[in-house]
Amino acid sequence: MTDLSPVDAERLYRQVRDQHPDVPEAHNNHGVMLLRTGRLQEAEDAFRQALALRSDYLDACYNLALVLQAADRPGDAEAAYRRALTIQPGHAESHHNLGNVLKTLGRLQEAEVAYRRAIEIRPQYPLALNNLASVLKLRERYIEAELACRCALELQPRYADAYITHGTILEKLGRLPEAETAYRQAIAIRPDFVEGHYNLGNVLQTLGSLDMAEASYREALALRPDSIEVLNNLGGLLQALGLPEQAAALYRQALALRPGLSVAHYNLGTVLKSLDCFAEAESEYRAALAIDPDYSDARFGLATLLLSFGQYEEAWAEYEARYEPERFVHRKSEVVLQPCPRWRGESLQGRSLLVWQEDGLGDMVQFGRYLTRLKSLGVSRLTVACLPPMHRLLRSVEGVDAVVDHADAQARAGEFACWTSLMSVPLRLGMVDHGQDEALSPAVYLTPDPVLVERWRARLDVLPPGLRVGLVWKGNPKHHNDAHRSLPSLAVLEPLWQVPGVQFVSLQKGEGEDEAATPPEGQPLLHLGSEVVDLADSAAIVAQLDLVICVDTAIAHIAGSVGTPCWVLLPPQDIDWRWMHGREDSPWYPGVRLFRRSPEVDWNALVERVRREAETFMVVDKRAALNAVSHR
């Protein structure tokens, strides 16, 4: 019998059934063969016939439940397993499989009870222990889950599936190197285990071993070329490795297999956006939202794309999606500020308002232009909670009654009528209905503290006569795009020193300060960055400069907001939405010029262009000075 194929065995058992139609075992055994050959409906009929002949036939009832489970009829399968347990309450397999069905139905607590009952009946039951671990993981009881998994592996050391479960639990516990080991053990037992290679790729990517992660994903893809998950994750990895065209090809491959996969549409939209294929990117974001209207990442991606083209009416509404993803800091604001509600545009007359910083320093400077307008709506007391480097700067803004740190504002949250982020103000005030000028003005709104201006004038006066140009060549190294937006070193700016009649001032803070303190020979530099305490100091210095040349940092927003001309050097990829697309100016700041680096050129070539523009700027500046003298 063991040498028969499943088809031949089914034929033989059918003959036995036909010869003994009144014997329930004949129908049950035939049903088992039908199940093995995938003929589910016929198998179901056979088991039901066996039960019609003997209603308390445990094997037939259990096998019927297996068929119903295989046919993706979990409700019917649950009923069949429960019927089997009325026949034999101590049937461990029925408890275990009932747990699987309940897990499928999302009834995790009941599933846990079923698995535990199976283990009570049969303590050495590695399959039930592994599945108990998986449901405990879903219930976020990771310590218990790991213990159950370890028990399963002690009973069955070569249990590849349990190593996978163990690895996923270890990831949740943050024990990534151990998770990597677990996945490698699963692969050692079963080299063709797709989930092992896929999960190993995931953890290696998280650990930063991108080349090894790519190899694991490609191994998984070789084993299962139609794996949507592998195609999508490998695409994300290639995107991170700076291979957007290859990533796009994989996302398209995933979508060819499953057109309704919203995450692949979103990922393709993001990679197309990085390739400057903006119309196609918008189409993919909208496709993701057509499938899942609540897909917050797609809404946010669409919002930033629309903002970068000045399509504010739809963009500001979609930009509110930043409050939905749990990984975004914005989601935490409403938690920490309870019981203070978020302002959604209702009247502020006679009410106290808390403006809560949840974005970067540059964002706060850029959108600080709206503080005075908020106060004009009848706000009784306008309080700003922000990081310490902004305190003195924002205290000087008209309409601001108080500036506090986040901890103080959080402790006093109940004292405010409502709170808002400055990034939500254009939407809440309906500025998009009044045209671009209304939405973006006033650009120049900061007035530096006169005392600080005098203090820094004394420091600047040590410079010889000439055009005073401030420099910032590096941003915060923790910024997600810093590897692209920051210059490699101060030495890259060396061509600028060839411009006659220019005196350079370093505003560099943090990363790059050491270079500013000891600049390369031939690059004289008045370094003030290390003496700067906060952005109020920066504003007082920048207001006295003729020009600022910087990478994309908060200093660009300071310059624009005090009215000092500013040239911003932009990287070839992942440019912030506020600098728009295809423009050399900025609608946000009339005094800002944008120098965009294309992928085909390096920073040196861009700086050479800036040098030529600086020479022209010098000529224009001298003519302006001469004209001023002649008119006097």
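The values are calculated or read from the model by the stated rules, or taken from the named source; none is laboratory data. Note that the structure is a prediction, hence the values are computed from the model and not measured. We place every Cβ from the backbone using ideal geometry, glycine too, and count neighbours over all the protein chains shown.
One residue stands out in the range 449-464 among those that are touching a residue at least 40 places away in the same chain (Cβ under 8 Å) and under 15 Å from F504 (Cβ atoms): the one that is surrounded by the most Cβ atoms within 10 Å (Cβ to Cβ), namely L460. Contact map, the range 494-520: first residue assigned to a strand (DSSP E or B), second residue of a type in the set (V, I, T), Cβ cut-off under 6 Å, separation 6 or more or different chains; pairs are V502/V469; F504/V469. Determine, yes or no, whether D359 is outside the structural domain of S421 (by TED's automatic domain parsing) and of a type in the set (D, E). Spelling it out, it is not the case that D359 is outside the structural domain of S421 (by TED's automatic domain parsing) and of a type in the set (D, E). Screening I164, I169, I143, I119 for residues that are in a helix (DSSP H, G or I) and loosely packed, with under 15 Cβ neighbours inside 10 Å leaves exactly one candidate, I143.
Identify all residues within the range 443-493 that are in a loop (DSSP other than H, G, I, E, B), under 23 Å from Y589 (Cα atoms) and over 36 Å from the mean Cα position of the chain (by Cα); write none if there are none. Residues satisfying the conditions are T447, P448, D449.
Within the bounds of the range 101-115, is there any residue that is touching a Ser or Thr at 6+ places or on another chain (Cβ under 6 Å) and closer than 30 Å to I169 by Cβ? Scanning the range 101-115 turns up no residue that is touching a Ser or Thr at 6+ places or on another chain (Cβ under 6 Å) and closer than 30 Å to I169 by Cβ. Does L348 fit the bill of being buried (at least 20 other Cβ atoms within 10 Å of the Cβ) and in a loop (DSSP other than H, G, I, E, B)? Criteria met by L348. A residue that is outside the structural domain of F617 (by TED's automatic domain parsing), of a type in the set (D, E, K, R) and crowded, with 16+ Cβ neighbours inside 10 Å cannot be found anywhere in the range 465-484.
In the set (1) over 27 Å from the mean Cα position of the chain (by Cα); (2) of a type in the set (V, I, T); (3) at pLDDT below 95, the condition left unmet by V336 is number (1).
Taking residues in the range 108-123 that are over 14 Å from S94 (Cβ atoms), and partners anywhere that are surrounded by fewer than 22 Cβ atoms within 10 Å (Cβ to Cβ) and of a type outside the set (V, I, T), the pairs with Cβ atoms closer than 6 Å and at least 6 places apart or on different chains are L108/L138; L108/R139. Considering only residues in the range 573-593 that are under 21 Å from the mean Cα position of the chain (by Cα) and in a loop (DSSP other than H, G, I, E, B), the one that is surrounded by the fewest Cβ atoms within 10 Å (Cβ to Cβ) turns out to be D574. Per the listing P519, P488, P500, the residue uniquely in contact with a strand residue (DSSP E or B) (Cβ under 9 Å, 6 or more places away or on another chain) and in the same structural domain as V601 (by TED's automatic domain parsing) is P519. Of the numbered criteria (1) touching a Cys at 6+ places or on another chain (Cβ under 8 Å); (2) part of a loop (DSSP other than H, G, I, E, B), the one F328 fails is (1). Exactly one residue among E334, E398 is touching a Lys or Arg at 6+ places or on another chain (Cβ under 7 Å), without any contact (Cβ under 8 Å) to a residue 40 or more places away in the chain and surrounded by fewer than 20 Cβ atoms within 10 Å (Cβ to Cβ), and that residue is E334.
Selection over the range 38-53 of residues that are assigned to a loop (DSSP other than H, G, I, E, B) and buried (at least 16 other Cβ atoms within 10 Å of the Cβ) gives a count of 1. Is it the case that E318 is surrounded by fewer than 18 Cβ atoms within 10 Å (Cβ to Cβ), among the acidic types (D, E) and either at pLDDT 95 or above or not assigned by TED's automatic domain parsing to the domain that holds R583 (or both)? Criteria not met by E318.
Among the residues of the range 267-286, those that are of a type in the set (G, A, S), surrounded by fewer than 21 Cβ atoms within 10 Å (Cβ to Cβ) and either in contact with a Gly (Cβ under 8 Å, 6 or more places away or on another chain) or modelled with pLDDT of 95 or more (or both) comprise A279, S283.
Within the range 1-34, can you find the residues that are closer than 22 Å to L66 by Cα and assigned to a loop (DSSP other than H, G, I, E, B)? Selection gives S5, V23.
Does the range 534-556 contain at least one residue that is polar (S, T, N, Q), buried (at least 21 other Cβ atoms within 10 Å of the Cβ), touching a residue at least 12 places away in the same chain (Cβ under 8 Å) and over 14 Å from G475 (Cα atoms)? Scanning the range 534-556 turns up at least one residue that is polar (S, T, N, Q), buried (at least 21 other Cβ atoms within 10 Å of the Cβ), touching a residue at least 12 places away in the same chain (Cβ under 8 Å) and over 14 Å from G475 (Cα atoms).
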